[in-house]
Amino acid sequence: MSSLLQGVNLYLIGMMGAGKTTVGHLLAKQLGYAFVDTDDIIAQAAKKSINEIFAEAGEVGFRQIESDVLAQVCAHTKLTVATGGGIVLQRENWGYLHHGLIVWLDVPIDLLYERLAEDTTRPLLQDIDPKGKLRSLLEQRTPLYKQADLRIPVNATETPEQIADKIMQAIPSVLKPTTVNS
Ligand SMILES: Nc1ncnc2c1ncn2[C@@H]1O[C@H](COP(=O)(O)OP(=O)(O)OP(=O)(O)O)[C@@H](O)[C@H]1O
Ligand SMILES: O=C(O)C1=C[C@@H](O)[C@@H](O)[C@H](O)C1
Ligand SMILES: [Mg+2]
């Protein structure tokens, strides 16, 4: 499989709570790729949590840093990249994402909410109506997530390992094998 991918990066996109970070680790291992998470790179570089960056720079400031990080990441190969849930919002980011193979983890809203209900690390969900906020973000972003090369539907019974296997099995369907010259 890694020879089929020929070092092309895998970018996982999808809503917060979709499992990009969790599944990304497993995929990287299976592919013999390094794993990176744009949220982690941002937090490490700023020496601040994502919550603190949102509080100090606002979402606009965060999105600018996120684009800068993505631009640097896409200069490398053999990476599995877990992206932030809102990476699809900036048009310029698609130019970077399309350097690699884009995989959308499509998770139903009730499952996302169940996973994130107790979580305080996603600043956009610190809202009086977190489920309503999640729903409106999902509605706004679904047309963007649909631009992925691969859509992987995820249900409540699937483990991260099963989801990683599903992605591995689906990858060949969207790869163009290079012609072998004899
Ligand atoms: N298949 C799964 N089954 C059960 N729990 C899961 C699964 N995938 C992820 N989780 C749990 O859901 C939560 C969110 O997962 P994760 O942090 O990987 O999402 P994310 O897509 O990276 O979110 P964000 O965009 O906010 O970074 C975590 O607590 C994780 O353990
Ligand atoms: O969906 C979003 O907009 C976000 C998701 C997280 O990964 C972080 O990038 C941040 O909390 C914003
Ligand atoms: Mg994540």
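Observations on the structure shown:
- Ordering Gly95, Leu116, Asn51 by the projection of their Cα atoms onto the charge dipole of segment 2-172, which places +1 on the Cβ of Lys and Arg and -1 on the Cβ of Asp and Glu, puts Gly95 at the extreme positive end.
- Length gained on full extension, Thr142 to Trp94: 15.8 nm, using 0.36 nm per residue less the C-alpha separation.
- Set of aspartates and glutamates with alpha-carbon distance to Lys29 below 15 Å, sequence-local pairs under 8 removed: Asp37, Glu161, Asp165
- Stokes-Einstein, applied to the Kirkwood radius of segment 17-99 over Cα pairs at a viscosity of 1.002 mPa s and 20 °C, places its translational diffusion at 163 µm² s⁻¹.
- Protection-proxy order for peptides 147-155, 66-74, each taking the mean of Cβ atoms within 10 Å per residue, highest first: 66-74, 147-155
- Counting other Cβ atoms within 10 Å as a rough exposure proxy, the listed residues Phe62, Phe35 run Phe35, Phe62 from fewest neighbours to most.
- Structure remark: mean-square fluctuation, Gaussian network model of the chain, C-alpha springs under 10 Å; the largest value among Ile128, Ile102, Ile42 belongs to Ile128.
- Relative contact order, percent, the chain [alpha-carbon distance under 8 Å, six or more residues apart]: 33
- Calculated mean residue ellipticity, 222 nm, the chain: -15500 deg cm²/dmol, from DSSP H runs (n ≥ 4) at -39500 (n - 2.57) each, averaged per residue and rounded to 500.
- For the chain, the fraction of alpha-carbon pairs in successive 5 Å shells from zero, as %: 1, 8, 17, 21, 21, 16, 9, 4, 2, 1, 0, 0, 0
- Anchor Lys133: lysines whose Cα lies under 22 Å away (excluding residues fewer than 8 positions away in-chain): Lys20, Lys146
- Annotation: extensible slack from Leu124 through Asp165 equals 11.7 nm (criterion: 0.36 nm per residue apart, minus Cα-Cα distance).
- When the GluC sites (Glu not before Pro) in segment 95-163 are filtered for DSSP coil states and for at most 14 other beta-carbon atoms within 10 Å of their beta-carbon, the remaining sites are Glu118.
- FRET E, pair Glu59, Asp110, Förster distance 35 Å, beta-carbon r, rounded to 0.05: 0.90
Read-outs throughout are calculated quantities, based only on the coordinates presented, and are distinct from any laboratory measurement. Note that the structure is predicted; figures quoted are calculated from it, not measured. Reconstructed Cβ throughout: ideal geometry from the backbone, glycine too, with neighbour counts over all protein chains shown.
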